[in-house]
Amino acid sequence: MNNKLCRTALLGAGLASMSSLRAGSFTADFNDGLAPAGTTLFGDANSGVIETTGGVGGSGCLKLTKAVNGVQGSMIIDDLDAGAAVNSFTANFKLRIGGGSSTPADGCSICFGSDVAGGFGEGGSGSGLRVGIDIYNNPDDAPAMKIYWGGVQVATTGIRPIGDIVTGTEFVDMTVRINPTGTLDVIYKGAPVFTDLAIGYVPVSGGKFGFGGRTGGLNTNQFVDNISITTTQGEFLLPAVRRAPRSQRIIAGYTATMDVLGNDPGNTTYQWEKKAPADGAFTAIAGATDAIFTTGTLTLADAGTQYRVVLTNPGAVTATSAPATIDVVSLPHATPNTVSYNFDDGLTPAGTNNYGTAAAFATGGFGDSGQMELTQDVGGQAGTWTVSDLNSGLPVESIDVAFRLLMTPSSNNPADGFGFHWAPDLPASGFPNAEEPVGHGLSVGFDVYDNGGGEAPAVDVFWLGTRIGGMVIPRTALNTQSAYADVQIRLSALGKVDVSFNGEVVAYQLQIPSWTAFSGASYGFAARTGGA
């Protein structure tokens, strides 16, 4: 067993000005049956134990769980880097998952973070990196490998059938690696599971490694052997773009806001560049040196203009984002208006109805005018405001709805969303599933809460209860903070839908299948909150 610190030199073109880095290392083969120096075990006689048999070739190994129901065991390795920040590491080890009940359970994990603690299983421990091997289906989410960063699941991939993840009586190789750019590689049984995965990793100070496993009403052996870990300290060696600016379609007369995320925001400088359709090359935009950039007011002549950003680290090494293209279109409003509401008197307008937590107020709206408040920033609310059929039962072949919308979250994980609905069969007492489709007509959902599938934040367009289009957009673009956003929803006589939010067109000329005009449709505006 080796547990030491050593000094290394960094060599590479363009990096000579950077200081030498320190590296930590840890190895353990467990052949003496003892806990390596600088480690802590958690468990009982059947978990979190080191024994001189059962490992590779019958040698010693760490037994996270034996094939016994209801046990949980782990080993935590103390900080290898004396409190210094770790920008990259490689952890290699041998893993056995096999034996025990015919349906194995529950899984194991490897973790790295400053708050890894206690016993844990496939869900890992702490707010740093967790790589979980989930072998029991609860339901339809396993067998799988799951990645967590910052306490949030950021990626998952199914590994099926179960024989592809369990190992029987054999040990297999596994590698978990944070690269010098902060991306993650995971290799299992010699095959890449994740490659260059951007998880938002930032250098971790005081980091501890942990290996853990558990069983439940079913069980399996989960053994670890021949661990080898190396770490590298300091800032990221190379800059990298984690999230590039995104292409957008903007209504003429509005601006476009773009942002970029690098792997080391605290040690990165930015320079935005622009290339108009007639330009031969990108040129720097004066003063555009922040991670967030907002264009000037756009015209139709700006359509096709590209923007990109150059990231530079303290060693003068650069990374350039992929370009984002800005399209500019015109979406004029229909005239004249059939009806309009401003709520300035603080009353619910005639011919409309409130349900749930919805209520009209004379202040708090755009420019502190009147407003219809659907929900407050409180969990478990649902509010609906409906407008009766405006056309006296006559067929309607097109609509143009415009309003201002305020969504002001107090947390980084707001919920649940807002929806606009137009249908002849809207429920008479409101509709609490606000951002989901309601009735047999047109629904546009502004979904701010991601249920783990990456489907939100998003604007979704539904027809007859089925999603026909929309787009996932960053939460920063969908939440309006303290400002009202312009929303426009148009349905043409040809059955084509346009939706814009704060000047960005999120659905454009979206064709409704088999569109025909219908009669007696009411309008509904609904919002809800949940556990957030």
Distant-in-sequence amide H partners of Val328 (H built 1.01 Å from N, under 5 Å): Ile250, Ala303, Gly304
Selection from Ala350, Asn313, Gly119 lying farthest towards where the dipole of the chain points positive, charges on Cβ: Asn313
Aspartates and glutamates whose Cα lies under 13 Å from that of Lys496, excluding same-chain neighbours fewer than 8 positions away: Glu397, Asp400
Charge tally in the Cβ shell below 14 Å around Ala252, where Lys, Arg are +1 and Asp, Glu are -1, Ala252 excluded: -4
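Charges only on Cβ, +1 for Lys and Arg, -1 for Asp and Glu: so what's the dipole of region 281-384 about the Cα centre, in debye to the nearest 20? Display every interim value, and only then the final one.
Working: 1 positive and 8 negative charges, 77 e Å.
With only Lys, Arg, Asp and Glu charged at Cβ, the dipole is about 380 debye.
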Between region 292-312 and region 155-194, the alpha-carbon center distance in angstrom: 40
Fraction of accessible area attributable to carbon and sulfur, region 327-394 (%, probe 1.4 Å): 50
Cβ-defined net charge surrounding Lys146, 10 Å radius [Lys, Arg +1; Asp, Glu -1]: -2
Burial ranking of peptide ranges 79-91, 37-49 (average Cβ count within 10 Å, highest at the top): 79-91, 37-49
Cα-based reach from Lys146 at 25 Å (exclusive), listing lysines while leaving out same-chain residues under 8 positions away: Lys63, Lys66, Lys94, Lys189, Lys208
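The values are calculated or read from the model by the stated rules, or taken from the named source; none is laboratory data. Quick caveat, the model's predicted, so the values are computed rather than measured. Please note: Cβ atoms are built from the backbone with ideal geometry, for glycine as well, and neighbour counts cover all protein chains shown. Side chains are part of the model used for accessible areas, which takes the heavy atoms of the whole protein and leaves out ligands, DNA and RNA. Shrake-Rupley method; radii C 1.70, N 1.55, O 1.52, S 1.80 Å.
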